Amino acid sequence: MSAVRSICPYCGVGCGVVVEVRRGRIEALRGDPDHPSTRGGLCAKGSRLAGTVRTGDRLLHPLLRARPAEPFRRATWPAAVARVAGGIRRATAEHGPGSVALYLSGQLLTEDYYAANKLGKGLIKTPNVDTNSRLCMSSTVAAYKRAFGADGPPGCYEDLDLAADVLIAGSNLAETHPVLFGRLRAARARRSAHWTVVDPRRTASAEAADEHLQIRPGTDVALLLGMAWTLFEEGLVDEARAGRACAGLDGYRVAVAAMPAGRAAAICEVPEDRIRAAARRFARSPAALSLWCQGLNQSSAGTDKVSALIDLHLLTGQIGRPGAGPLSLTGQANAMGGREVGGLATELACHREWDDPEGRAQVERHWGLGRLPDGPGLTAVELVDAIERRQVRVLWVVCSNPLASLPDGAAVRSALARLDLLVVQELYHPTDTGELAHVLLPAAGWAEKTGTLTNSERVVGLARRAVPPPGEARPDWEVFADVGAALGAPEAFGWLDASQVFDEHVRLTAGRDLDMTALSHAALEAGGPASWPYPAGGRPRARRYEDGRCHTPDGRPRLVAVTFREPAEEPSPTYPLRLLTGREPDQWHTRSRSGRVAALRRSAAPRLALHPDDARRAGVSPGQTALVSSPRGSLRLPVVTSPALRPGSAFLPFHAGPVEQPAGWPNVLPGRALDPVSRQPELKHTVVRVEPAASEVALAGGPLADAVAARLGAAGVRARRVKPAELAGAGPGVLRVLVAEADLDGALAWWDLAPGAGGPVLLDLAAGPEPLALLPSLLAAGRPVACRGERWLPAPAGRLVATWLGPGGDRRGAVVVGGARRRPRPAPPGTLVLEPGGALGLERPLSGDPAVLASLVRGELPARAALRRVVVPLSPHRTLVLAGDPLGDEASDAEQGVDLLVHEDSGAGVAQVWRLAAGRTLGVAAVVAPAAAREVEAVWLSDADPDAVRSQFPVRAR
Ligand code: SF4
């Protein structure tokens, strides 16, 4: 048995872990008592990490496919790298480097991050390299830079032990950072300390506090300005000292004057005397520490919220001393490391700025890859906008699950489906985002690779490889290096191991605020984790700015004048509640890792928490299923009531994605409002309406509607017949169904009568049992439905059964069901044709499986573009046939369902090809005609974009 030191990969606490390994397998793990930050502490997630390593759904090999509607095919690493490099090369040649984007992750190691950033910004020359830390820490980054001229917290974990007063704002660290919470509690047990928690919910952290300021959601800036106003008004500010120590006092004083404590109390809905008391306590404390997390960051005023908090420290001198200072609680394990390498689209490596000519020149010299892009690049949510506009064509997602985590989730799904190439580099398959990918690349995960992470207190630690990665999974940096080499820069990406990557990164930190030139893998191995700044020949510094000097032009920290503004969305009669989101205990982000550990799944289905008064008003009771809707989408959830919420607000765990909740997941609800400085989205505040979920169907139409009502009634669904004009007023919780017995076009016109978000669905009830079987799923999804049909018949071949619409009412796609061999007419563009047996990309036959059809109707599988049949002579003996949909009457039976054939153009070979192809259910058919096997395998099959093929080969239509 060997013991290997590592670091927990979940949150920014950065707990040290000792992994016990026997014969290449993890036998046990425990907290590392020698880790200086966490001293052996581990929470439930960290102590169950072993369960995330050898799961049955690890992605083991590269997988490729031409289109997301098709099944994946296993590929070699060289083929996968060539596919990714080819897609990047094509996009940059045709649309410029900005058409390529990388979306990285705070779960990556610093070495991975560094390599990705060098590849994206340095070699590909796209500024669009952003990270999921945009959703997490970017408001804090922006506020640190405004105050101190550089990113990174001034304080350290030792301050948790030494603080006399702790102000916790927008963090439920009892559940999100449990090891730090335990340390804080142990410190309070040893020596008295007073905790004030600012949170709209009475969380577990608030329960443990001495004072809970339960503010109205989104009013933190008013509270903090009201506290500052109190300090000025009561003479608790040494203005001479503050003016000497800080820049910006005059402007700050003016901003504070606009928010007397009484006004703050009215805005926050907290008594004025408690605001004043909190201010006095903070100013008079021997050592006041503040901690915060996403409650401040994930806001359209996130940067101002954090600035207002830092301002309080600067104003009162509560900084740079043991136990005093602002200390952000980093969300992800290596969000800090990602910021060090410049993983955000808005900055360059090692805390350099895009508009700093000298900083740019330093990076350019260091990388030797020529001029950097003009920058800055697109941030996470802006990337989605750019994909929708087709400005970005290629997206490479690494170690992240943006489909589940970005706001306005339904729009994100539509956008991702528009990409020419979506590469997802992941540990597991399936994931929500991976389901839309063209290329899946298997990554080595925790305990399977070596590299560094920087935790919330700037401590860099070395996570060591303990076991080999499964299958062909590889460290992420190696994949970036391979693609860099394939794109023509093998020397720049010629590292032999992760320590060489780290050394290159470290050299770029020289002379910067985060100088860590004393560090290397060997140094970390010998000396253990260490804080930056740590210059060569110097010493590591745990607490920054102890001398009052920081990285602004005059060396003084800046007081930033901020003003209160309401969140982007305010409640209205239509959406009367404010939805807050957060974590379930013991779960992590979109659960692509923690969700695979059965022991961590303590709670049942996610539930919507409401104040009892709001539940009564909405007509829902505990245990009942509610439909929760925002202006962007809706989902159904069981309700719980909780007096821990303020009246007028609701709470929902954000973890689930479309794989788990296909009818609607939490992040379909929030909008795209961004903080103007940090570009962080306002995930923590969404207006919603809650109503009982549909339990009744209102049907309008002719005799067919009677038949539908009877069938639904037999299935236990309450169905009521109404006139078409009465549908709109059918009331909340009622699914509106139009049953049209006219032709399709006539039915289309009826869609105007079917109001509701998400796009109506048209069902052809003449097509057999599937459409009717689909109704309960649609009912569950709360989707408006329009139906048509002439009479009840077994499914005729090639019959249209469902279509779905885009947000603007444009028709986005359609489903045809039936055993069509010869369809009566070509399906329209954008039509997805389903063959019995799943010939075109479905792993299960459609017939009798309404869940598959339901997922299609919801748009989870984007429509497959209708291809014309194209024949490309590759050589005198080989022909490449693009035989997409529709095939036409002349198509041979053997070609059915085949997108791409490569065959030998000779009698025997062709016969062999047809036979093999007919036996496959693949979108892309490989061909192994004996005489041509070697040659055919050399043909690149999986990128069957007909336009691209046409551009490369002379095409002869057949
Ligand atoms: Fe520590 Fe965070 Fe991992 Fe829990 S999740 S063990 S607190 S690093």
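The values are calculated or read from the model by the stated rules, or taken from the named source; none is laboratory data. In this text the structure is predicted, and so the values were computed from the model without any measurement. Every residue, glycine among them, receives a Cβ derived from its backbone with ideal geometry; neighbour counts consider all protein chains shown. With ligands, DNA and RNA removed, areas are computed over all heavy atoms of the protein, side chains included. Shrake-Rupley method; radii C 1.70, N 1.55, O 1.52, S 1.80 Å.
Simple point charges give the picture: +1 on the Cβ of Lys and Arg, -1 on the Cβ of Asp and Glu, and for segment 496-607 a dipole about the Cα centre of about 460 debye.
The alpha carbons of segment 632-681 stretch over 36, 31, 17 Å along the principal axes, in descending order. By the Stokes-Einstein formula, at 0.890 mPa s and 25 °C, segment 272-339 with its Kirkwood radius over alpha-carbon pairs has D equal to 186 µm²/s. The phi torsions of segment 132-138, fed into the Karplus equation with coefficients 6.51, -1.76 and 1.60 and a -60° offset, translate into couplings of 5, 5, 4, 7, 10, 10, 5 Hz, rounded to whole numbers, with Gly and Pro shown as x.
Converting phi to 3J(HN,Hα) with the Karplus coefficients 6.51, -1.76 and 1.60 and the offset θ = phi - 60°, segment 98-113 yields x, 7, 10, 9, 10, 10, 9, 8, x, 8, 6, 6, 4, 5, 4, 4 Hz in sequence order, with x at every glycine or proline. Residues whose amide H lies under 5 Å from that of Ala247, counting only those 5 or more places away or on a different chain, are Arg558, Leu559; hydrogens are built 1.01 Å from N in the peptide plane.
On full extension of the chain, what length is gained from Leu236 through Ala93, given 0.36 nm per residue of separation minus the C-alpha to C-alpha distance?
On the way: separation 143, 0.36 × 143 = 51.48 nm, distance 6.23 nm.
Between Leu236 and Ala93, full extension yields an extra 45.3 nm.
The distance between label points at Ala598 and Glu570 comes to 5.2 nm (points 7 Å beyond Cα on the Cα→Cβ vector). Length gained on full extension, Glu358 to Ala277, computed as 0.36 nm times the residue gap minus the Cα-Cα distance: 24.4 nm.
Taking the Cα centroid of segment 10-53 and of segment 102-169, what is the distance between the two, rounded to the nearest whole Å? Each part's Cα centre sits 23 Å from the other's.
Starting from the Kirkwood Rh over alpha-carbon pairs, what translational D in µm² s⁻¹ does segment 47-92 have by Stokes-Einstein at 10 °C and 1.306 mPa s? Working shown, then result.
Details: Rh = 12.9 Å.
This corresponds to a translational diffusion coefficient of 123 µm²/s.
According to the square roots a ≥ b ≥ c of the eigenvalues of the Cα gyration tensor, what is the shape class of segment 514-582, taking rounded for a/c under 1.5, prolate for a/b larger than b/c otherwise, and oblate for the remainder? Note, shape of segment 514-582 comes out oblate. Database remark: amide H of Trp195 closer than 5 angstrom to the amide H of Val166, Asp210, Glu211 (H placed geometrically; neighbours at sequence offset of 5 or more, or on other chains; Pro and chain starts carry no H). Using the Cβ-Cβ distance between Val640 and Ala526 with R0 = 56 Å, the FRET efficiency computed as 1/(1 + (r/R0)^6) comes to roughly 0.60.
Considering only protein heavy atoms and a probe of 1.4 Å, how much of the accessible area of segment 349-410 is carbon and sulfur, as a whole percent?
Values: 1010 of 2110 Å².
On segment 349-410, the fraction of accessible area on carbon and sulfur atoms equals 48 percent.
Ranked by the mean number of other Cβ atoms within 10 Å of their residues, highest first, the peptides 188-200, 450-462, 223-235 fall in the order 450-462, 223-235, 188-200. Placing a pseudo-label 7 Å from each Cα along the Cα-to-Cβ vector at Arg721 and Ala536 gives an inter-label distance of 8.8 nm. For segment 543-650, the Kirkwood hydrodynamic radius comes to 17.7 Å, computed from all pairs of different C-alpha atoms.
Please report the spacing between the Cα centers of segment 225-266 and segment 282-348 in Å, no decimals. Centre-to-centre (Cα) distance: 19 Å.
Extension gain, Glu20 to Glu388, is 127.7 nm, computed as 0.36 nm per intervening residue step minus the present C-alpha separation. Which one of Gly323, Gly370, Trp396 has its Cα pushed farthest toward the positive end of the charge dipole of segment 275-425, where Lys and Arg give +1 and Asp and Glu give -1 at the Cβ? The residue sitting farthest along the positive end of the dipole is Gly323. Coupling constants for segment 450-466 follow from the phi torsions by the Karplus curve (6.51 cos²θ - 1.76 cosθ + 1.60, θ = phi - 60°), and in residue order they are 10, x, 10, 9, 10, 8, 4, 9, 6, 8, 8, x, 9, 9, 9, 5, 10 Hz; glycine and proline get x. Under 5 Å from the amide H of Thr517 lie the amide H atoms of Tyr534, Ala536, each residue being 5 or more positions distant or on a separate chain, with H modelled from the backbone and absent for Pro and chain starts. Modelled label positions at Glu27 and Gln624, each set 7 Å beyond Cα in the direction of Cβ, lie 5.6 nm from each other.
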